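Chemist: What follows is a single structure, and I will ask about it in a moment.
The values are calculated or read from the model by the stated rules, or taken from the named source; none is laboratory data. Everything numeric in this text was worked out from a predicted model, so none of it was measured. Positions of Cβ are backbone-derived with ideal geometry, glycine not excepted, and every protein chain shown enters the neighbour counts. Protein only, heavy atoms only, side chains kept; ligands, DNA and RNA dropped before computing areas. Shrake-Rupley method; radii C 1.70, N 1.55, O 1.52, S 1.80 Å.
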Amino acid sequence: MVTGINGYHTEPLDSGDFCVSVSKNHTFGTDAVLLAHFASPSKRDRAVDLGTGCGIIPFLFLRDGLTAGCTGLDISEEAIALCRDTADRLALGERFRPICADLSDLSGILPAGCATLVTCNPPYTAEGRGRINPNSSAAMARHETACTLKQVVAATARLLNSAGRACFCLRPERLCELMVLMHTYRLEPKRLRFVAKDPTCEPWLFLAEGRKDGHTGLRVMPTLYTQNADSTMTDELKMIYGIYKTEAAE
């Protein structure tokens with residue numbers, strides 16, 4: 001069990017004993033759960049999650065038995081300590097590999113072309129914009145203080161093998177920026193889905209998938225709505241979250 005981490009506790013990912021270790025600085029929200037579902041890995045995928053935090057995306061993959069193995073990479077030692085705690089408690093063995101490293105320099109850490117799937121929930125606020133949180137962990141999660149979107153896309157492209165998939169989530173105001181970078185780094189956009197509270201609201205998030213060295217052809221999926229008119233969770237969001245979330249809401 002990790003000790004000395006502020007706000008450390010476990011969060012269930014199913015109705016049984018599959019729990020992830022989280023802290024005040026490294027927890028997870030709806031965006032990460034949506035990205036994990038959107039990525040939909042196959043059983044044979046070798047997945048790498050960049051800026052993994054508490055490891056929520058790889059652990060959701062492993063909970064469902066969808067990948068051959070996952071690597072969670074983060075620059076924060078606290079985040080990786082939480083990942084190790086979860087992996088040890090669940091006895092995941094070689095199925096999960098936590099790495100503390102800077103994604104802008106992965107030479108000698110992860111070989112090029114090692115992944116068939118790379119996911120990333122990058123900082124939403126571009127470098128030099130917005131008020132930066134005085135908490136360094138929160139700042140890294142929300143602002144480009146530790147890495148830029150360009151560095152994220154470049155690292156993703158390096159890690160993927162040809163035809164491998166990259167999945168990201170970001171705020172809509174950065175859609176054009178991401179699409180240009182994906183094209184620059186040979187990650188051809190293949191799927192795009194917007195997420196909105198309800199049909200009366202503008203999207204607050206988008207999910208995008210690119211395929212390395214893929215042919216052109218972008219599919220824009222139906223918008224995912226998170227709330228019904230009475231502010232209850234939509235059936236689709238209930239399905240994505242799974243039984244532990246729906247039971248807690250009842």
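Chemist: Can you list the residues, at least 5 places off or on another chain, whose amide H is less than 5 Å from the amide H of Leu205, using H built in the peptide plane?
Modeler: Val195
Chemist: Right, here's the next one. What's the local net charge at Phe38, with K and R +1, D and E -1, over the other residues with C-beta under 11 Å away?
Modeler: +1
Chemist: Also: Is the shape of the stretch 151-209 rounded, prolate or oblate, going by the alpha carbon gyration tensor and its root eigenvalues a ≥ b ≥ c, with a/c under 1.5 for rounded and a/b larger than b/c for prolate?
Modeler: It is prolate, given that a/c is not under 1.5 and a/b is the larger ratio.
Chemist: Provide the net charge surrounding Val180, with neighbours chosen by a C-beta distance below 15 Å and charges set as Lys +1, Arg +1, Asp -1, Glu -1.
Modeler: 0
Chemist: Please work out the FRET efficiency for the pair Asn161 and Ser42, using the Cβ-Cβ distance as r and a Förster radius of 22 Å; give the result to the nearest 0.05.
Modeler: So, using R0 = 22 Å, E works out to roughly 0.95.
Chemist: In what sequence, largest accessible area first, do Glu236, Glu173, Glu188, Glu94 appear using a 1.4 Å probe?
Modeler: Putting Glu236, Glu173, Glu188, Glu94 in descending order of accessible area: Glu94, Glu173, Glu236, Glu188.
Chemist: Something else about it: If each DSSP helix of 4+ residues adds -39,500 (n - 2.57) and the sum is divided by the residues in the chain, what number results at 222 nm, nearest 500 deg cm²/dmol?
Modeler: When only DSSP H runs of four or more count, the value is -8500 deg cm²/dmol.
Chemist: Now a separate question. Using the charge dipole of the stretch 162-250 (Lys, Arg: +1 at Cβ; Asp, Glu: -1 at Cβ; taken about the Cα centre), state which of Leu224, Phe194, Leu178 has its Cα farthest towards the positive end.
Modeler: Result: Leu178.
Chemist: What is the set of long-range amide H partners of Lys24 at a cut-off below 5 Å, with H atoms built 1.01 Å from backbone N?
Modeler: So Lys24 has HN proximity to Gly7, Tyr8.
Chemist: While we're on this one: Once neighbouring chains are kept in place and the probe is 1.4 Å, which whole percent of the accessible area of the chain is contributed by carbon and sulfur?
Modeler: The computed percentage sits at 50.
Chemist: Something else about it: If amide hydrogens are placed 1.01 Å from N in the peptide plane, which non-local residues have theirs closer than 5 Å to the one on Arg191?
Modeler: Glu209, Arg219
Chemist: Here's another thing I want to ask about it. Which ³J(HN,Hα) values in Hz, rounded to whole numbers, follow from the phi angles of the stretch 7-23 under the Karplus curve 6.51 cos²θ - 1.76 cosθ + 1.60, where θ = phi - 60° and Gly and Pro get x?
Modeler: x, 5, 7, 10, 10, x, 10, 7, 7, x, 9, 7, 10, 10, 7, 10, 9
Chemist: Moving to a separate point now. Give the average over all directions of the projected area of the C-alpha convex hull of the chain, one decimal, in nm².
Modeler: Averaged projected hull area, Cα only: 13.6 nm².
Chemist: In addition: Which whole-Hz couplings ³J(HN,Hα) result when phi for each residue of the stretch 160-176 is put into the Karplus expression 6.51 cos²θ - 1.76 cosθ + 1.60, θ = phi - 60°, listed in order with x for Gly and Pro?
Modeler: 7, 7, 5, 6, x, 10, 10, 10, 10, 9, 7, 6, x, 5, 10, 4, 4
Chemist: Could you rank the peptides 68-74, 105-111 by their average count of other C-beta atoms within 10 Å per residue, with the highest value first?
Modeler: For the peptides 68-74, 105-111, the packing ranking is 68-74, 105-111.
Chemist: Just want to confirm a number: the relative contact order over the chain, from Cα pairs under 8 angstrom separated by 6+ residues, in percent.
Modeler: Once divided by the residue count of the chain, the mean separation gives 15 percent.
Chemist: Still on this structure: Full-extension gain between Glu236 and Thr184, please, as 0.36 nm times their residue separation minus the C-alpha to C-alpha distance.
Modeler: Difference between extended and current length: 15.3 nm.
Chemist: What is the spin-label model distance, in nm, from Val2 to Thr148 if the labels are put 7 Å beyond Cα along the C-beta direction?
Modeler: In this crude label model, Val2 to Thr148 measures out at 3.0 nm.
Chemist: Now for a separate question. What full-extension length gain, to one decimal in nm, is calculated for Asp14 and Val220 as 0.36 nm per residue of separation minus the Cα-Cα distance?
Modeler: That works out to 71.1 nm of additional length.
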